[in-house]
Every structure is written in C-alpha cells, then in structure tokens.
Amino acid sequence: ILTPAEGRLQLDQDKIREIFCSPANQDLPAAIISVAGAMRTGKSFLLDFLLKRLAQNHLEAGSSDSISGFPWRSGMNRHTSGIQIYTEPIVVDGVAVYLMDTQGTFDHRTTVRDNMTIFAMACLTSSHLVYNLMHIIREDHLQNLQLFTEYGRLVSESYKMKPFQNLLFLVRDWHYPQDAGFGFEGGKVLLDQVMSAEEGSSENFRLLSLLIEIT
C-alpha cells in the first residue's frame, strides 16, 4: 500500500479502499497488527507465521490451505519494500484482523526521511505495533524509536491522538534468561533496566519516556 516510486513513497489509495471497503468485511471493526524494525531481522517470517497460525485457529478446516502468506527469504539484501498488507483479514471474535509488513530500516539504500515516514505510518495506522529487535534492547534502539516516531508524534499532537495504540517490544533470540526471564515480565525487567540507565541524561530521554508511557 506504500511503495517507493521515482525517488518518493507513493500511497496506493485505490488498494487501501479495495482492502478495507470490501463488502465481506467493511462493516466489521478492524485491527491492524504490524511489525517494524531493522532489516534482515525476520519480520516477514514472523508475520507469515502469525498469519498461518491465525488462519489455522480461526478459519474453517481446509480454508487455511489457501493462505499464501507473506513472502520472505534469507540473505543480506532487503526483501520487503515500503509497507505491505495481507489483503484478506482473519476474523477473530467479530474483528477483522489485518497483518502488515514494513520495510526494514538501515538498508543503506533508503533515506532517513523515508525510514521515518514508513515507521510513522506504521505507528499511526496499527492497533498493535511490534518493535522487532534481535538479542537485546540497546540505547540506540530506543533512540531510533524516538527518531522514527517523531513524525507520528507531531501528527498525533495536531489531531489530539496517541502516536501508538499499543506498542510491543519483541526481543528475539534472547541469551540471558537468568537475568530476565522469557515472556512479558522478563521483557519489562529488561526495558526498565535500559530506561533507568538513561534516566535524566537528555531531553530525548524525556520525550522517549513520555512516548512509551502513553502507549
């Protein structure tokens, strides 16, 4: 729905209307789950897994076999460009759930402005945004989050809305369960430690703390 074209990002409004205004789903409440983060960290693979698991659990027997899923591949070069959304939602408890993939940041070919635009679009349109990280939460991860969501923050202030609905930090391949266990509680311990280390260090920290607190 958002693709690079002629040196700029182009929003496909016709495709958006086609997806969200389809007769089968247009009267249902909708939720968008998106995954964002650095390039080559398994975002598309994760979304493909989530889509197929949702299909297995919420579609009629045999229907999930027709789910093509999100394309992904190994390698050093990016695979996803712009923002892609799976056109057919999975209806869960009367809610049309859409899964959305985003281009990875820091791919050496995309400008900082385009990275910020893609991330901000994901922030503002997602019911649940998964911030996909590998191994650990570092200070620069939080700084990048603050930078990339600045567009979203400015728009949210103009329209008196939150820049996020729900923000989830996903730390993959975690190596230190003895210090912070797997799951939500261990993740909160890790995030609190990182935030405590930066407390009072800069104005950026204050803005980031506020950003996380209100999500």
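None of the figures in this text is laboratory data; all of them are computed from the coordinates on show. Note that the structure is predicted; figures quoted are calculated from it, not measured. Counting neighbours? That spans all protein chains shown, and the Cβs are built from the backbone with ideal geometry, glycine included.
Quick notes on this one:
- Order by protection proxy (mean Cβ within 10 Å, highest first), peptides 90-98, 38-46: 38-46, 90-98
- Remark on G82: its backbone amide H falls under 5 Å from those of Q103, a criterion applied only to residues 5 or more positions apart or on other chains, H modelled at 1.01 Å from N.
- Prolate/oblate/rounded call for region 92-153, Cα gyration tensor, a/c under 1.5 rounded: prolate
- Simple spin-label estimate for V91 and C21 in nanometres, 7 Å along Cα-Cβ: 2.1
- D12-D173 FRET efficiency (beta carbon distance; Förster radius 45 Å; 0.05 resolution): 0.85
- Taking 7 Å steps out from each Cα toward its Cβ at N57 and H108 produces label points 3.9 nm apart.
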